[in-house]
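Asker: Starting off with a structure, shown below.
The values are calculated or read from the model by the stated rules, or taken from the named source; none is laboratory data. Please read these numbers as outputs of a predicted model, since none were measured by experiment. Cβ sites come from the backbone with ideal geometry, for glycine too, and all protein chains shown count toward neighbours.
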Amino acid sequence: MSSTFLSDEELMRQLQGGDQIALEELYSRHSKKVWSYVSKRVAREHAEDLYQDCFIKLVDRKDSWKGQPFVLWLYVVLRNLLIDFYRSQARGKRLIDSLSEAESNSMSNVDFDELIEGAPHETRKLLNDFFQKGFTYKELAHEYELSEISLRKRVSRALAFLKKGD
Amino acid sequence: MSNELKDFLEGAQEVPSSLYSQTLKLSSLTLSPRKMLTRFYLVNLLGAVLTLIICPQYGIGPIGGELGIVRAIMNSGPVWCGMFCATIFFSGGNLMSLFFLDKAERNWIGRHKFNVMVPYISFIFMMGMGIRNLSVGHIHHDVVSFYMSWVLTGAVFSILFYKLIHFFSRQYKSSFS
């Protein structure tokens, strides 16, 4: 029977037996879902890595699939990858925070105001809240009524704006 | 149903074509890497053996051999000699393998560098230990420090090599855009 007519679960069983065609069919069926999900949540370069990791994990962990609905299983694999990614980013963020704390001690308010001068009002306010007032992402997300991820993206964009202004 | 899951199920964004094909190839290699790995090991070994031409022990010409320039490195002691030998040996092998592997295959090896390189280096090491008494001439550094520095440099260098390849391919990536 052509693999096109098989269910995801049947294909997964074939993949567990090492069937290359089953892999190709599953890949073609679900690649858009995975790409849409990751590309909306992380920057492009990381999205590409997560997308690849997801399908490599799918093959690596094929034997841990025990017959549950395939698409949900794939979603869990992807979500775990994304959580691991956020965790690794958070570790990096803590390191950056400790460095920027040391730097901010040597940076006067006047220097900071000069730095953000020319940025749009909203960007200035956000950067001021984050760097000068010392609000955390979580606190700012609450104040701005955004999810923490959206808030992080907004801070990244604000920083990118300042970089461009150099 | 959670919004996240709904978002996942409804996702229909087109995957960039290059990323699509690269990922399919990576997944296929993960499913059955044997053929590619055989090619990788053979090419790597060939490239590595070719570098012996500049070895002070086995080499010839103005660089290698008894009277070659690299003799100075051999005279600087077993640790330096081991590090130099392993660096050149695995440079030759890994560089040669770059020409015989495509981007997805290099990417796959880069992702599995530890699992790929450690058995290979161990095999080469054991083989080297086995045939060392068959070599022509006198081996000057038949001491533990030479072998230890050789095997450690080989492992560290090979892993760094693929890290660098990965780094540069990300910095100057053109195929995904």
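Asker: Filter segment A:60-73 down to residues that are at the interface with another protein chain (Cβ under 9 Å from one of its Cβ atoms) and either at pLDDT 95 or above or over 18 Å from B:L31 (Cα atoms) (or both), then give me how many there are.
Answerer: 2
Asker: Would you mind telling me which numbered condition in (1) surrounded by fewer than 19 Cβ atoms within 10 Å (Cβ to Cβ); (2) more than 9 Å from every other protein chain (Cβ to nearest Cβ); (3) polar (S, T, N, Q) B:N44 fails?
Answerer: Status for B:N44: all satisfied but (1).
Asker: Return yes or no: is B:I88 under 25 Å from B:L67 (Cα atoms) and at pLDDT below 85?
Answerer: Against the criterion (under 25 Å from B:L67 (Cα atoms) and at pLDDT below 85), B:I88 does not qualify.
Asker: Please tell me if B:L5 is away from chain A (no Cβ under 11 Å) and more than 19 Å from B:S169 (Cβ to Cβ).
Answerer: No.
Asker: Follow-up question, since we're still on this one. Just to verify a result, which residue in segment B:22-41, among those that are surrounded by fewer than 14 Cβ atoms within 10 Å (Cβ to Cβ) and assigned to a helix (DSSP H, G or I), is farthest from the other protein chains (Cβ to nearest Cβ)?
Answerer: Top of the filtered list is B:T38.
Asker: Right, another one. Residues in segment A:60-80: is at least one buried (at least 17 other Cβ atoms within 10 Å of the Cβ), out of contact with any Ser or Thr (no Cβ under 6 Å at 6 or more places or on another chain), of a type in the set (G, A, S) and assigned to a helix (DSSP H, G or I)?
Answerer: No, because not a single residue in segment A:60-80 is buried (at least 17 other Cβ atoms within 10 Å of the Cβ), out of contact with any Ser or Thr (no Cβ under 6 Å at 6 or more places or on another chain), of a type in the set (G, A, S) and assigned to a helix (DSSP H, G or I).
Asker: Of the conditions (1) crowded, with 16+ Cβ neighbours inside 10 Å; (2) of a type in the set (A, V, I, L, M); (3) in contact with a Gly (Cβ under 7 Å, 6 or more places away or on another chain), B:L95 clears all except one; give me its number.
Answerer: If we test B:L95 against (1) crowded, with 16+ Cβ neighbours inside 10 Å; (2) of a type in the set (A, V, I, L, M); (3) in contact with a Gly (Cβ under 7 Å, 6 or more places away or on another chain), just (1) comes out false.
Asker: Mind telling me which of the residues A:D8, A:D49 ends up being more than 17 Å from B:Q22 (Cβ to Cβ), charged (D, E, K, R) and either at the interface with chain B (Cβ under 7 Å from one of its Cβ atoms) or surrounded by fewer than 19 Cβ atoms within 10 Å (Cβ to Cβ) (or both)?
Answerer: The unique qualifying residue is A:D8.
Asker: Is it true that B:G59 is assigned to a loop (DSSP other than H, G, I, E, B) and either within 14 Å of another protein chain (Cβ to nearest Cβ) or not hydrophobic (A, V, I, L, M, F, W, C) (or both)?
Answerer: yes
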